[in-house]
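Each remark here refers to the structure printed beneath this line.
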Amino acid sequence: FSIHTGKKIRVEFPNNGEDFYGQPGRSPMAIVWTSYAVSGNVNIYYSLQNGADGTWVQLASNYPSTGVYAWDYLRDPNIVDQNTGAVIKYSSLGRIKIIDSADNKVWDVNDIPFWLNIQKTSGTKIDSYKKINIETKK
């Protein structure tokens with residue numbers, strides 16, 4: 001058992017350098033956290049650039065702190081062009097950040113960056129898997 005002395009949030013998954021392959025049937029990703037004495041709601045963010053300033057993208061605002069959020073990253077317009085299906089970004093530096101909606105001093109970020117590997121496609125044919133750092137469509 002443990003004794004909590006204050007508010008706390010901990011990202012549980014992804015937290016250990018997990019590898020996510022973007023393909024039908026493998027999205028969404030379950031973002032899992034534990035919390036204690038938070039306001040009841042959290043804000044959830046991701047960064048594909050190791051959490052560098054200005055790279056956090058909000059997934060959910062004032063989301064009930066249920067301990068799980070399903071992120072359908074294949075439907076994220078920052079990662080996959082929703083009109084063409086073209087991959088916009090890959091990353092080996094994925095970070096999840098969860099913040100108490102009422103107290104931005106209570107937060108956590110996953111310990112080890114995760115890989116986000118999206119199948120590169122042309123039409124419906126799979127060309128290849130790629131494991132590379134951030135690549136941005138110009």
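So here's what we get for this one:
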read-out: Residue match in the stretch 44-67 (condition: surrounded by fewer than 19 Cβ atoms within 10 Å (Cβ to Cβ), touching a residue at least 24 places away in the same chain (Cβ under 8 Å) and acidic (D, E)); value: no
read-out: Strands (runs of 3 or more DSSP E) (entirely within the stretch 74-138) containing at least 2 residues that are at pLDDT 90 or above and either touching a Phe, Trp or Tyr at 6+ places or on another chain (Cβ under 7 Å) or not hydroxyl-bearing (S, T, Y) (or both); value: 91-100, 103-109
read-out: Within the stretch 25-73, tally of residues that are in a strand (DSSP E or B) and touching a Lys or Arg at 6+ places or on another chain (Cβ under 7 Å); value: 7
read-out: Count - residues of the stretch 80-107 that are among the charged types (D, E, K, R) and open to solvent by less than 30 Å² (accessible area, probe 1.4 Å); value: 1
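The values are calculated or read from the model by the stated rules, or taken from the named source; none is laboratory data. Just so we're clear, the structure is a prediction, and the values are computed from it rather than from any experiment. For neighbour counting, all protein chains shown are included, and Cβ atoms are generated from backbone atoms with ideal geometry for every residue, glycine included. The area values use the complete protein model at the heavy-atom level, side chains included, leaving out ligands, DNA and RNA. Shrake-Rupley method; radii C 1.70, N 1.55, O 1.52, S 1.80 Å.
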